[in-house]
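What follows is calculated from the coordinates using simple rules that are stated; it is not laboratory data. Computed from a predicted structure; not experimentally measured. Cβ placement follows ideal geometry from the backbone for every residue including glycine, while neighbour counts extend to all protein chains displayed.
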Amino acid sequence: MKMILLGPPGAGKGTQAKLISERYSIPHISTGDIFRKNISQKTSLGIKAKEYIDKGQLVPDELTIDIVNDRLAEQDCKNGFLLDGFPRTVKQAEALEDFLRKNNQKIDTALLINVPSEFILERMTGRRVCPSCGASYHIKFNPPKSEEKCDACGSDIVQRKDDTEETVKDRIDVYEKQTQPLADYYKSKDQLFVVDGTQSIDEVFETICRHMESEK
Ligand code: ADP
Ligand code: ADP
Ligand code: ZN
């Protein structure tokens, strides 16, 4: 199964990606997580990416496409993968299509988690993440079992530097201008499935699983 997750910041892509990747045993590839790891290790990619991420802008396509192509070439992606946060521009979507076409492959589903912008600010400012394993929590909607610690790995959870009210507004703008057109892109290829992301985490996951089963 080859799947991509679309949706505005805070839609629940990372949350659902973890659940889907466990249920269907496919690797979860998050470009945001890859960038954050590089930032914490101060690699040259991390240093370049940080400039954009801190401002809520997209990292340039050239950098992003290369890291995804390298990741998809790894052995564990042969039977499927789940891309979370990529593609985010039409250029990235085209690059992904080219890459897969060379191996006679294509995306099975582009899953759009739809959440209107009025929900987003509360989700983002209440988000806490695990820097070790990438798990995402919410102080109100999905708190960890033990305060401040990741359920999955026990690390201290933190607030992302780009999850401030100001940066979130910029990220919503960027999403509407650069990423939203991808819904039409995948719709025209008959690959789009839209799920209502205002439901609970469990309900969204159920809806996604039902769709996956119907596609088999
Ligand atoms: P994205 O990866 O799309 O930016 P996340 O999965 O990190 O989104 O979720 C953003 C925030 O909203 C997190 O704090 C998460 O716990 C919370 N969240 C995710 N899905 C839901 C949901 N269906 N209802 C309420 N809160 C949610
Ligand atoms: P969110 O889960 O809140 O949607 P991500 O963790 O996916 O955010 O991404 C964080 C930031 O990393 C983005 O705001 C952007 O600056 C950068 N980024 C992630 N994926 C991409 C991509 N495909 N293209 C360009 N920039 C990206
Ligand atoms: Zn963790």
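Below 20 Å Cα-Cα, how many Lys pairs turn up in the range 1-72? Only count pairs eight or more apart in sequence, or on different chains, if you could.
Pairs that pass both the separation and distance tests number 9.
Whole number please: convex hull volume per residue, Cα atoms of the range 86-164, in Å³.
Here the figure is 145 Å³ per residue.
Would you mind checking the radius of gyration and Dmax of the chain based on alpha-carbon positions, in Å?
When restricted to the Cα atoms of the chain, Rg and Dmax are 16.4, 47 Å.
How big is the equivalent ellipsoid of the range 1-104 along its three axes, where each semi-axis is √(5λ) from the Cα gyration tensor, reported in whole Å from largest to smallest? Write out the running numbers ahead of the final one.
Working: eigenvalues 91, 54, 37 Å².
After scaling each eigenvalue by five and taking roots: 21, 16, 14 Å.
Given the alpha-carbon gyration tensor of the range 124-216, what are the semi-axes of its equivalent ellipsoid in whole angstrom, ordered largest first, with each equal to the square root of 5 times an eigenvalue?
Square roots of five times the eigenvalues give 28, 21, 11 Å.
Report the net charge of residues surrounding Gly46, where surrounding means a beta-carbon distance below 11 angstrom and charges are Lys +1, Arg +1, Asp -1, Glu -1. Please report the intermediate quantities before stating the final value.
Working: positive: Arg36, Lys37, Lys42, Lys48, Lys50; negative: Glu51.
My count for the surroundings of Gly46 gives +4.
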